[in-house]
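Notes for the one structure printed next.
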Amino acid sequence: MDILVAAVLAAALTIATVTDLKSQRIPNWLTFPLMLGGLAAHAVFTGLEGLWFSLAGFGLGLGIMLVPFLLGVMGAGDVKLLAGVGAWLGVNTTLTAFVITCLAGGVYALGVMLRDREIFKAVLTNIKAHLVLALCTKDFKYTPVSSQRTLPRLCYGVAIAIGTVASMVLTYHETGGTFVR
């Protein structure tokens, strides 16, 4: 089962990364079969227990990314991609993937901001002003200073791919030879 999981996720994450970088979209033709395939594979290979394992991972992947989506900072394709990853990897490895994805996404966002000094300066100015205001007045109502340029959109599929692969490697080493725990 581990070879199947690794092969499917390697292919899906590669396609998601390429399409996200090219078009800033992760297509439904990739994410829906990924979700359904994970559910079906676990049900076929390990029965009802496997189906529950897969459903729990799917639910976590979907639920944990739904909040950023509803806040408008994450695309629907990113949500469905992590839900599909969850369907294949279950709760534990998906949670690890999410944490590493957040870290990778932060580094990625910082790298993108560093490429544009004006945006980076505006972000730092806003952070400093917000902290000073909060410390001095205990008031968290702050209107950010705007930049002439808008913040670039991030291709979060890249961070999801990095987080998923890293979590699979960590899980493989922790368990002594399996991605699925």
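As I understand it, the value is the acute angle between the Cα axis of helix 28-70 and the longest principal axis of the Cα atoms of the chain; what does it come to in degrees, rounded to 10?
Roughly 10 degrees, rounded to the nearest 10.
Near Lys138, which lysines are there with a Cα under 20 Å away, not counting those fewer than 8 places off in the same chain?
Qualifying lysines at Cα under 20 Å: Lys128.
How far is helix 156-175 tilted off the main Cα axis of the chain, in degrees rounded to 10, range 0 to 90?
Approximately 50 degrees, to the nearest ten.
Would you look at the GNM of the chain, springs on alpha carbons closer than 10 Å, and say which of Thr46, Thr19, Thr164 moves the most?
Ranking Thr46, Thr19, Thr164 by mean-square fluctuation puts Thr46 first.
I need the peptides 80-86, 115-121, 56-62 ranked by packing, meaning the mean over residues of other C-beta atoms within 10 angstrom, with the highest value on top.
Averaged packing, sorted descending, gives the order 80-86, 56-62, 115-121.
Values in this text are rule-based calculations from the coordinates and carry no lab data. As the structure is a prediction and not an experimental result, all values here were calculated from the model. Positions of Cβ are backbone-derived with ideal geometry, glycine not excepted, and every protein chain shown enters the neighbour counts.
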